[in-house]
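Take a look at the structure below.
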Amino acid sequence: MAYINHEVVERQMTKRRVKNTVFKNIFLGATLLALLALVILLYRMITQGAGYVSFDFLQNFSSRFPEKAGVFAGLVGSLAMLAVVAPVSLLLGVGAAIYLEEYAKKSKLTTFIQMNISNLAGVPSIVFGLLGLTIFVRMLGMGKSILAAGLTMSLLILPVIIVAAQEAIRSVPGSLREASYGMGATKWQTIRKVVLPAAIPGVLTGSILALSRAIGETAPLVVIGIPVIVQFLPAGVLSEFTALPMLIFDWAKRPQEEFQYVAAAGILVLMVLLIFMNSIAVFIRNKFQNRY
Amino acid sequence: MKLVSQKREKSLDVQQMIADKKKKGLGRKAEKIVPVLLFITAAVSVLTTIGIVFTLIFETVEFFRRVSFLEYITGTEWLPFAGDPSYGVLPLVIGTLKVTGIAIIVAVPLGLAVAIYLSEFASDKVRRLIKPILEVLAGVPTIVYGFFALTFVTPMLQKVFPSLEIFNALSPGIIIGIMILPTIASLSEDALSSVPNAMREGAFGLGSTKFEVALKVVLPAALSGVLASIVLAMSRAIGETMIVSLAGGSTPLFNFDVEGSIQTMTAYIVQVSTGDAGYGTTIYYSIYAVGFTLFIFTLMMNLIAGWISKKFREEY
C-alpha cells in the first residue's frame, strides 16, 4: 500500500507553490507599505515646512502673526529641559542598572523592582504628567518650571534608560570582571574601572534614544501646564519656559491656515534636532561597539 | 641592560603598598556606601510607581466625594462643562476603544505580515536594513503624527468618505495603527526568529513550502510572543494622547460612529489642562479620575501581556 498518493501530491503542488508566491508578495507588499508610510510622512513634513524655516524663524518668539512666529523660546526651552533630564535620568538610570546587575541578590525584592520597572515603562506619558503636576508643580512648589518638567520627563524615560543600561552591563563578559578581581581590585573598583567603561557605548546609545523621546514628548508638558506664549528666555531652572512640541501643538490647533505651515516648520526643526541626536547615538554605537 | 637595572632599583614592595592602601580606608568606605547609594537610585523607580498610584487615588477619592461612583462608571453622558454637569465616563471609554480598535485593525495584519516577511522570507541583509528603518516610525514624536493625521490623512479620507467630519475616529485610529506597527512587527519578529531552525527544517523535509512552514509551524510556535506584542501595542494605543487630541476632536459621544468627532480619555485630560479649570474644581479632580481609569486599563493590558508571554511560552 502506498502511503503517498503521488497523483494527489502532483495535483496540489502547483496550487501550493502559487499560494506560496502570492503570500510572499503580500508580506513584501505590507513591508513596503509600512516603509511608504514613513516616506510620505517625512516628505509631507519637509515640503510643508521647508519654505517657512528661515533664520528669522529660529530667532523669533511665538506671535499672533504667522509671519512673525518663531521657535526661539521653544528651542532654547527644550534644550534647557534636556540639560536637567540628561544628568538626572542618567545618574538614576545607570545607578539602578548597576545595582540590579552587579549588587542585587536574587531575592523577591529584586524581582519586584524589576517587574515594577517593566510596568512603569507601560504607563502612558500623560499619567506621568499628572504625577508631575501634583508632586513637582504643586506639592514641591516648583511651578511650571524647567525643573518640574525636567524631573517629570526624567521619571518618564527612566525605565527605558535602566533597561538599556542593564543590557549594556550584562553584555560585559564575566572574564573581564574576574581578571580585575584577580589583580586584587575590589568590587566597586572593578565596576568603576572595568565594567562601566566597557558598557558606556551601549549605555549612551540607549540613553540618547530615550532622551530624544523626552524632547519629542508633549502630553506631560500639556498636563503640567507649560505655557505657550513666552516672550523671554528662561533665566534659571526655576523659571517658566516653553518647549518646542508645545509650540507645535499650539500652532497646529489654530484655525488660520498659515499657522499650519508654521507648525510644519516647527516640526521640521524638531525632527532635525531628533535626527541629530539619533545620529550621535548611531555614531557612538558604530565607533565604540566592542565585540567580546 | 641599563634599563633593566634601573627598574630593579625601583622595584616595588607590593605588600607594603597593599598595607598602605588598606590604612587609608577611603576605598573601604566606598565599598560599603556605594551599594547603598545605588540601591537608592533603584528605589526611585519604585517610588515613582508609588507616587503615581497615590497621586491618582488621592485626587480620585476627592472626585468621588462630589460625584457618585455609580454615575461615573455607568453614565452615558460626559458633560463636565454643562451648567448641570454629568460625569458618566463611558463615552470617553468608547472613544478610546474606537480609536484603539481601528489602530489594531490596521496594525495587526500589517505588523504580522512585516514580521513574517522579515523573519521567514527576507535575507539577512534585507532584515538588517529594514528593521531599524521601521523602528524610526516608533521614534517619531506623537505630536508629528497628530499633525500628519489632521492635515494629511483626514483630508485624504474625506475624498473617499465625503461624510467624514474634520475631527473623527478614523484618521487618528489609522495613524495610531501606523505608530504601533513597529511594536508589533519588531517584537513578533523577535518571537518568530527565536523558533529553532530544526522545526523549520523538519517541515521543509516533509515537503512544505515556505508559506506553509511560516503559517503552520513557526507562527503557532511563536504565538505567545506574537500575542504579547499585540496586547502591548494595544496598551500603547489606549494611552496615546497627542494624535487623538489634534485629530479626534472633543465631543464625547456614546455611539459607535467612526466618522464623527469623538473624545478619548487622554484627549479629555488635555482639553482640561489647556483650558482654565481652576485648582480644586470638580473638573480639576475629574482629570485624575479619568487618568486613574486610563492607568487601570493600561496596567491590565501590560499585566496580560506579561502573563501571556510567561504562561504560553514554549520552551525549546
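The values are calculated or read from the model by the stated rules, or taken from the named source; none is laboratory data. Note that the structure is a prediction, hence the values are computed from the model and not measured. Counting neighbours? That spans all protein chains shown, and the Cβs are built from the backbone with ideal geometry, glycine included. Heavy atoms of the whole protein, side chains included, go into the accessibility calculation; ligands, DNA and RNA do not. Shrake-Rupley method; radii C 1.70, N 1.55, O 1.52, S 1.80 Å.
It is to be established whether one or more residues within segment A:199-209 are under 30 Å from B:VAL14 (Cβ atoms) and in a helix (DSSP H, G or I). Walk me through how you get there before you give the answer.
So the first thing to find is which residues in segment A:199-209 are under 30 Å from B:VAL14 (Cβ atoms), and the list is A:199.
With the extra rule that they be in a helix (DSSP H, G or I), the set shrinks to A:199.
Yes; the residues of segment A:199-209 include at least one that is under 30 Å from B:VAL14 (Cβ atoms) and in a helix (DSSP H, G or I).
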(message) On the basis of being β-branched (Val, Ile, Thr), in a helix (DSSP H, G or I) and within 11 Å of another protein chain (Cβ to nearest Cβ), does A:ILE191 make the cut?
(response) yes
(request) Please go through segment A:173-215 and pick out each residue that is aromatic (Phe, Trp, Tyr) and open to solvent by less than 10 Å² (accessible area, probe 1.4 Å). (result) none
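Looking only at segment B:253-296, filter to residues that are assigned to a helix (DSSP H, G or I) and free of Cβ contacts under 8 Å to residues at least 12 places away in the same chain; which one of those is farthest from the other protein chains (Cβ to nearest Cβ)? Outline the logic, then answer.
Narrowing segment B:253-296 to residues assigned to a helix (DSSP H, G or I): B:265-274, B:282-296.
Those left that are additionally free of Cβ contacts under 8 Å to residues at least 12 places away in the same chain: B:274, B:296.
Values: B:THR274: 6, B:ILE296: 11 Å.
Filtering first and then ranking leaves B:ILE296.
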(request) Please work out if A:PHE55 is more than 14 Å from every other protein chain (Cβ to nearest Cβ), buried (at least 17 other Cβ atoms within 10 Å of the Cβ) and aromatic (Phe, Trp, Tyr). (result) no
(message) So, A:LEU273, is that one under 23 Å from A:GLY70 (Cβ atoms) and open to solvent by 20 Å² or more (accessible area, probe 1.4 Å) or not?
(response) yes
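Give B:LEU134, B:LEU150, B:LEU157, B:LEU181 a once-over and let me know the one that is surrounded by fewer than 18 Cβ atoms within 10 Å (Cβ to Cβ) and of a type in the set (A, V, I, L, M, F, W, C).
Working: B:LEU134 fails: surrounded by fewer than 18 Cβ atoms within 10 Å (Cβ to Cβ); B:LEU150 fails: surrounded by fewer than 18 Cβ atoms within 10 Å (Cβ to Cβ); B:LEU181 fails: surrounded by fewer than 18 Cβ atoms within 10 Å (Cβ to Cβ).
Criteria check complete, one pass: B:LEU157.
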(message) Checking the condition open to solvent by less than 30 Å² (accessible area, probe 1.4 Å), in a helix (DSSP H, G or I) and either of a type in the set (Ser, Thr, Tyr) or more than 8 Å from every other protein chain (Cβ to nearest Cβ) (or both), which residue from A:SER62, A:SER89 passes?
(response) A:SER89
(request) Of the conditions (1) farther than 24 Å from A:PRO255 by Cβ; (2) over 31 Å from the mean Cα position of the chain (by Cα), A:PHE65 clears all except one; give me its number. (result) (1)
(message) For segment A:111-136, which positions are touching a residue at least 40 places away in the same chain (Cβ under 8 Å) and open to solvent by less than 20 Å² (accessible area, probe 1.4 Å)?
(response) A:ILE117, A:PRO124, A:SER125, A:ILE126, A:PHE128, A:GLY129, A:LEU130, A:GLY132, A:LEU133
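For segment B:35-65, which residues satisfy the criterion of being hydroxyl-bearing (Ser, Thr, Tyr) and either open to solvent by 20 Å² or more (accessible area, probe 1.4 Å) or touching a Leu at 6+ places or on another chain (Cβ under 7 Å) (or both)? Lay out the reasoning, then the answer.
From segment B:35-65, those hydroxyl-bearing (Ser, Thr, Tyr) are B:41, B:45, B:48-49, B:55, B:60; that's our starting set.
Within segment B:35-65, B:THR41, B:SER45, B:THR48, B:THR49, B:THR55 meet the criteria.
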(request) Kindly indicate whether B:LEU187 is more than 30 Å from A:MET246 (Cα to Cα) and surrounded by 17 or more Cβ atoms within 10 Å (Cβ to Cβ). (result) yes
(request) Return the residue satisfying two criteria in turn: it lies in segment A:67-84 and is away from every other protein chain (no Cβ under 14 Å) and of a type in the set (Val, Ile, Thr), and of such residues it is least open to solvent (accessible area, probe 1.4 Å). (result) A:VAL84
(request) Only residues that are surrounded by fewer than 24 Cβ atoms within 10 Å (Cβ to Cβ) and over 20 Å from A:VAL127 (Cα atoms): list them for segment B:229-248, please. (result) B:ILE230
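Can you report the number of residues in segment A:18-34 which are in contact with a helix residue (DSSP H, G or I) (Cβ under 7 Å, 6 or more places away or on another chain) and surrounded by fewer than 16 Cβ atoms within 10 Å (Cβ to Cβ)? Walk me through how you get there before you give the answer.
Pass one, segment A:18-34, residues in contact with a helix residue (DSSP H, G or I) (Cβ under 7 Å, 6 or more places away or on another chain): A:19-20, A:23-24, A:26-28, A:30-31, A:33-34.
After this cut, where a residue has to be surrounded by fewer than 16 Cβ atoms within 10 Å (Cβ to Cβ) as well, the list is A:19, A:26, A:33.
Result for segment A:18-34: 3.
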(message) Would you confirm whether or not segment A:276-292 contains a residue that is touching a residue at least 24 places away in the same chain (Cβ under 8 Å), under 18 Å from A:GLY70 (Cβ atoms) and open to solvent by 20 Å² or more (accessible area, probe 1.4 Å)?
(response) no
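Looking at B:ALA233, B:ALA185, B:ALA228, which is the one that is part of a helix (DSSP H, G or I), in contact (Cβ under 8 Å) with a residue 60 or more places away in the chain, facing another protein chain (nearest Cβ under 10 Å) and touching a helix residue (DSSP H, G or I) at 6+ places or on another chain (Cβ under 8 Å)? Give the steps one after another, and end with the answer.
Details: B:ALA233 fails: facing another protein chain (nearest Cβ under 10 Å); B:ALA228 fails: facing another protein chain (nearest Cβ under 10 Å).
Exactly one of B:ALA233, B:ALA185, B:ALA228 is part of a helix (DSSP H, G or I), in contact (Cβ under 8 Å) with a residue 60 or more places away in the chain, facing another protein chain (nearest Cβ under 10 Å) and touching a helix residue (DSSP H, G or I) at 6+ places or on another chain (Cβ under 8 Å), namely B:ALA185.
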(request) Can you tell me which residue among B:VAL140, B:VAL126 is free of Cβ contacts under 8 Å to residues at least 40 places away in the same chain, open to solvent by 40 Å² or more (accessible area, probe 1.4 Å) and in the same structural domain as B:GLY225 (by TED's automatic domain parsing)? (result) B:VAL126
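Tell me, yes or no, whether segment A:216-231 has at least one residue that is part of a helix (DSSP H, G or I) and open to solvent by 30 Å² or more (accessible area, probe 1.4 Å).
The answer is no; no qualifying residue exists.
Does segment B:213-225 hold any residues that are hydrophobic (A, V, I, L, M, F, W, C), more than 10 Å from chain A (Cβ to nearest Cβ) and either more than 18 Å from B:VAL114 (Cα to Cα) or assigned to a helix (DSSP H, G or I) (or both), and which are they? Write out each step before concluding.
Restricting attention to segment B:213-225, the residues satisfying the condition of being hydrophobic (A, V, I, L, M, F, W, C) are B:213-215, B:217-219, B:221-223.
Restricting the remaining residues to those that are more than 10 Å from chain A (Cβ to nearest Cβ) gives B:217-219, B:221-223.
Across segment B:213-225, the qualifying residues are B:VAL217, B:VAL218, B:LEU219, B:ALA221, B:LEU223.
Going by the conditions given, is A:SER154 crowded, with 22+ Cβ neighbours inside 10 Å and touching a strand residue (DSSP E or B) at 6+ places or on another chain (Cβ under 8 Å)?
Working: crowded, with 22+ Cβ neighbours inside 10 Å: yes; touching a strand residue (DSSP E or B) at 6+ places or on another chain (Cβ under 8 Å): no.
No, not satisfied.
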(request) Would you tally the residues in segment B:160-178 being open to solvent by less than 10 Å² (accessible area, probe 1.4 Å) and of a type in the set (Ser, Thr, Tyr)? (result) 1
(request) List the number of the failed condition for A:ARG170; all other conditions in (1) open to solvent by 30 Å² or more (accessible area, probe 1.4 Å); (2) under 16 Å from B:THR48 (Cα atoms); (3) of a type outside the set (Phe, Trp, Tyr) hold. (result) (2)
